[in-house]
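Asks: Below: one structure in structure tokens.
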Amino acid sequence: MIGASVPLAVGDRPINGVALTIVIILFVVVAALGFVAARWRREEATGLHSLDEWGLGGRGFGTWVTWFLLGGDLYTAYTFVAVPAAMWATGAVSGFFAVPYTIVLYPIVFLLMSRLWSVSHRHGFVTPADFVGGRYGSKALTVAVAVTGIVATMPYIALQLVGIKAVLTVLGLGSAENVLLTDLPLIIAFVVLAAYTYTSGLRAPALIAVVKDLLIYLAVIVAVIYLPIKFGGWGTIFDAAEAKLGAVNPATGKPAGVFIPGAGSYSAYWTLALGSALALFMYPHSITGVLATKSRNTIRKNAAVLPLYSLMLGFLALLGYAAIYAGTKPIDLNGAVNPQLVVPQLFLDHFPDWFAGIALAAIAIGALVPAAIMSIAAANLFTRNIYRDLIRPDAKPRQEAKVSKIASLVVKFGALIFVIAMDQSAAINMQLLGGIWILQTFPAIVAGLYTRWFHRWALFGGWAAGIIYGTVAAYNVVNPVTKANFGGSIAAIPGTDLQVYIAVVAFAINLIVAAVLSLAFRAMKLPDGKDITRSSDYGADEDDPKVAEIQREYPLGEPGAPAF
Amino acid sequence: MSSPDVPTRAPARYGPYIISGILLAIAVVVPLFVPAYSVDEPRLGGMPFFYWYQMSWIPVTACLVGISYWLVSKEDRRRRESARGMTTAEGEP
């Protein structure tokens, strides 16, 4: 992690040949699928030469494909690695909150996302910032939403690489001495990923997600049944976890973790769950998954069936406790303890090599699906809301697809350099900040789905206030052991002792500022932007004609359009 | 607006929306009320209450969202049919 950790040179691991072979075979199969996907359900006349085709898979995914696609998109490899790692290291508050988070997520998705689908269908919006631009006619607000989306997504992609790295390390690839050799498999995997995303667009992760999700379900179901039987039941596993988490850490003088939250942690626990749930569908890659669906009701149907993934995530989290009982030793290449290796190591220690290979491949492939979707989503944001809105207002669909393809490459290599050149903790800190930042686009996007009461510049002011507070508050959280900044995402509400998720406080500040400024700006009679949407658009379904086909109208694209 | 705002749906009956709203609110608020489940006992198959209670809310939420889907999509279909019926009737030459 930090330079202070002592390299003991015990890190070199033996290579596990059987498991490695299985991982390589599955990786090759998946790569082939990625390239074949370019021909899947393709319109022969147009090919993939538009953002609707390349960036949204033709806007035609039905319930099944969407279930796999969103499952692979939201429950990322990093989640599979980090959630049990957090359980293993510090217990329920930082780990198990993922369960209530992915429960309350779906009612929220049910409420919001079909409206966003409808208005985007009518107007051909590809990104959340497209919608904000069409609704408020404000360049500043549109760019703010787009840039927040891109900046929040980049470290998220980098974390997927961290997930692959955990798998490769456990497999024995890499050495403490030769850095280039360590990173080479990662670089190869990413180049292949970049190549098939470039040729096939969103169709590639959609097809791969099916394979990946089936493998992950297989691995988790087997582990959750087999390991407790082997270890003598859940009771002994939980008792071991309770003992470890309750032990006092000599460095801080506090218990190592939380087994069952006490009254002091209630607010942290539920605000983490709620804030993360509100934020998740503001991420561009989630919205890309929603807009790629065929009909208004597809996402609603999925809100009822996607929780199956949450159940899997819950059991996977408990594997962190199983690893405590089993005494799993997640030792990284430099000899330091790296909790992220807990789950891969657990599989390798307690299963036959071939099955461990399947489980590890599932995690590694699980990183490729979200990384592809995230890079496509970020590229679409760049193309639509920076390239088109700011540079080339008359860009044709073909040009947009071209720019987006190249942008997706840039985004992915940016993430790769991030992970190789910088410390892993930098990616984790940035991801933590990204979660706080992305929630600040919620008022602009979601309030706009229901009302135009908020003034566009007030929403911009609220966004800025939320970002500033969130960044400062996160910086001021100091890790009690390493004394580093960005030590976590929990802080007291200013002026109180109540510990809550920083993003939620920033969100509240954002809303208050936006509301107060809206009243002020309306009183000052500042001009509203042009709104191209109508109330009927928000209820339109797939059989209603697209407005974009009847008239090409976009306020930011007109000559002499308001600049701010 | 350069083209008229043609309604895509007829006016709503509030019943299904209010019921779904209540179901969805339950699915959000109850799993977040930590004091209700932050205890060890009773255990289920060795699993503390805190853990199995939250896990069991996953299928419950799925059902609540499923019921809401059924209610809302039924009403949605009625509104759409009624709106389209009106526009075709008026649009006939």
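Asks: Read through the list (1) aliphatic (A, V, I, L, M); (2) open to solvent by 20 Å² or more (accessible area, probe 1.4 Å); (3) in contact (Cβ under 8 Å) with a residue 12 or more places away in the chain, then give the number of the only condition that A:Leu111 fails.
Replies: (3)
Asks: Another one. If I filter region B:1-54 down to residues being surrounded by fewer than 18 Cβ atoms within 10 Å (Cβ to Cβ), closer than 16 Å to B:Val72 by Cβ and small (Gly, Ala, Ser), which single residue comes out as farthest from the other protein chains (Cβ to nearest Cβ)?
Replies: Among those that are surrounded by fewer than 18 Cβ atoms within 10 Å (Cβ to Cβ), closer than 16 Å to B:Val72 by Cβ and small (Gly, Ala, Ser), it is B:Gly15.
Asks: While we're here: Give the residue that is least open to solvent (accessible area, probe 1.4 Å), with candidates limited to residues of region A:465-484 that are under 26 Å from the mean Cα position of the chain (by Cα) and free of Cβ contacts under 8 Å to residues at least 24 places away in the same chain.
Replies: Among those that are under 26 Å from the mean Cα position of the chain (by Cα) and free of Cβ contacts under 8 Å to residues at least 24 places away in the same chain, it is A:Asn479.
Asks: Looking only at residues that are part of a helix (DSSP H, G or I) and open to solvent by less than 10 Å² (accessible area, probe 1.4 Å) in region A:118-127, which one is farthest from the other protein chains (Cβ to nearest Cβ)?
Replies: Looking at residues that are part of a helix (DSSP H, G or I) and open to solvent by less than 10 Å² (accessible area, probe 1.4 Å), I get A:Ser120.
Residue by residue, here is whether (1) within 30 Å of A:Ile188 (Cα to Cα); (2) surrounded by fewer than 20 Cβ atoms within 10 Å (Cβ to Cβ) holds:
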residue	(1), (2)
A:Arg296	no, no
A:Ile324	no, no
A:Ile331	yes, yes
A:Gly366	yes, no
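Asks: Scan region A:216-240 and report the pairs whose first residue is more than 27 Å from A:Asp73 (Cβ to Cβ) and among the hydroxyl-bearing types (Ser, Thr, Tyr) and whose second residue is at pLDDT 90 or above and open to solvent by 20 Å² or more (accessible area, probe 1.4 Å), with Cβ atoms within less than 7 Å and a gap of 6+ or a chain change.
Replies: Matching pairs, first to second residue: A:Thr236/A:Tyr325.
Asks: One residue is enough: does region B:70-83 have a residue meeting the conditions under 21 Å from A:Val224 (Cβ atoms) and modelled with pLDDT of 90 or more?
Replies: Looking for residues that are under 21 Å from A:Val224 (Cβ atoms) and modelled with pLDDT of 90 or more, one finds none in region B:70-83, hence no.
Asks: I'd like to check something: does region A:243-260 contain any residue that is more than 20 Å from the chain's Cα centre (by Cα), closer than 30 Å to B:Gly21 by Cβ and either among the hydroxyl-bearing types (Ser, Thr, Tyr) or away from chain B (no Cβ under 14 Å) (or both)?
Replies: no
Asks: Considering only helices (runs of 4 or more DSSP H) fully contained in region A:48-103, which possess at least 2 residues that are modelled with pLDDT of 90 or more, surrounded by fewer than 24 Cβ atoms within 10 Å (Cβ to Cβ) and within 21 Å of the chain's Cα centre (by Cα)?
Replies: So the answer is A:63-74.
Asks: Still on this structure: For region A:528-537, give me each residue that is assigned to a loop (DSSP other than H, G, I, E, B) and touching a residue at least 24 places away in the same chain (Cβ under 8 Å).
Replies: Within region A:528-537, A:Asp528, A:Gly529, A:Lys530, A:Asp531, A:Ile532, A:Thr533 meet the criteria.
Residues are listed down the side, and each one gets a yes or a no for (1) open to solvent by 10 Å² or more (accessible area, probe 1.4 Å); (2) out of contact with any Ser or Thr (no Cβ under 8 Å at 6 or more places or on another chain); (3) of a type in the set (Lys, Arg):
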| site | (1), (2), (3) |
| --- | --- |
| A:Ala146 | no, no, no |
| A:Gly149 | no, no, no |
| A:Ile157 | no, no, no |
| A:Leu161 | no, yes, no |
| A:Ala189 | yes, yes, no |
| A:Leu214 | yes, yes, no |
| A:Ile237 | no, yes, no |
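Asks: Is it the case that A:Ala279 is more than 9 Å from chain B (Cβ to nearest Cβ), over 30 Å from A:Lys412 (Cβ atoms) and either surrounded by fewer than 24 Cβ atoms within 10 Å (Cβ to Cβ) or of a type in the set (Gly, Ala, Ser) (or both)?
Replies: Considered against the rule, which asks whether it is more than 9 Å from chain B (Cβ to nearest Cβ), over 30 Å from A:Lys412 (Cβ atoms) and either surrounded by fewer than 24 Cβ atoms within 10 Å (Cβ to Cβ) or of a type in the set (Gly, Ala, Ser) (or both), A:Ala279 comes out as no.
Asks: Out of curiosity, is A:Leu245 surrounded by fewer than 22 Cβ atoms within 10 Å (Cβ to Cβ), assigned to a helix (DSSP H, G or I), touching a strand residue (DSSP E or B) at 6+ places or on another chain (Cβ under 6 Å) and of a type outside the set (Val, Ile, Thr)?
Replies: Yes, satisfied.
Asks: Determine which single condition A:Lys139 fails, assuming it passes every other condition in (1) surrounded by fewer than 24 Cβ atoms within 10 Å (Cβ to Cβ); (2) basic (Lys, Arg); (3) out of contact with any Gly (no Cβ under 8 Å at 6 or more places or on another chain).
Replies: Unmet for A:Lys139, out of (1) surrounded by fewer than 24 Cβ atoms within 10 Å (Cβ to Cβ); (2) basic (Lys, Arg); (3) out of contact with any Gly (no Cβ under 8 Å at 6 or more places or on another chain): (3).
Per-residue answers, yes or no, for (1) touching a Leu at 6+ places or on another chain (Cβ under 6 Å); (2) more than 21 Å from A:Ala158 (Cα to Cα); (3) without any contact (Cβ under 8 Å) to a residue 12 or more places away in the chain:
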site: A:Leu416; (1), (2), (3): no, no, no
site: A:Gly434; (1), (2), (3): no, no, no
site: A:Trp457; (1), (2), (3): no, yes, no
site: A:Gly461; (1), (2), (3): yes, yes, no
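A quick yes/no check of all residues on (1) within 17 Å of the chain's Cα centre (by Cα); (2) within 23 Å of A:Pro205 (Cβ to Cβ):
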site	(1), (2)
A:Tyr266	no, no
A:Gly289	yes, yes
A:Ser295	no, yes
A:Pro307	yes, yes
A:Gly320	no, no
A:Tyr325	no, no
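Asks: Right, next: Among A:Gly314, A:Gly335, which is at pLDDT below 95 and part of a helix (DSSP H, G or I)?
Replies: A:Gly314
The values are calculated or read from the model by the stated rules, or taken from the named source; none is laboratory data. This is a predicted model, so every value here is computed, not measured. Because the Cβ atoms are built from the backbone with ideal geometry, glycine has one as well, and the counts that use them run over all protein chains shown. The area values use the complete protein model at the heavy-atom level, side chains included, leaving out ligands, DNA and RNA. Shrake-Rupley method; radii C 1.70, N 1.55, O 1.52, S 1.80 Å.
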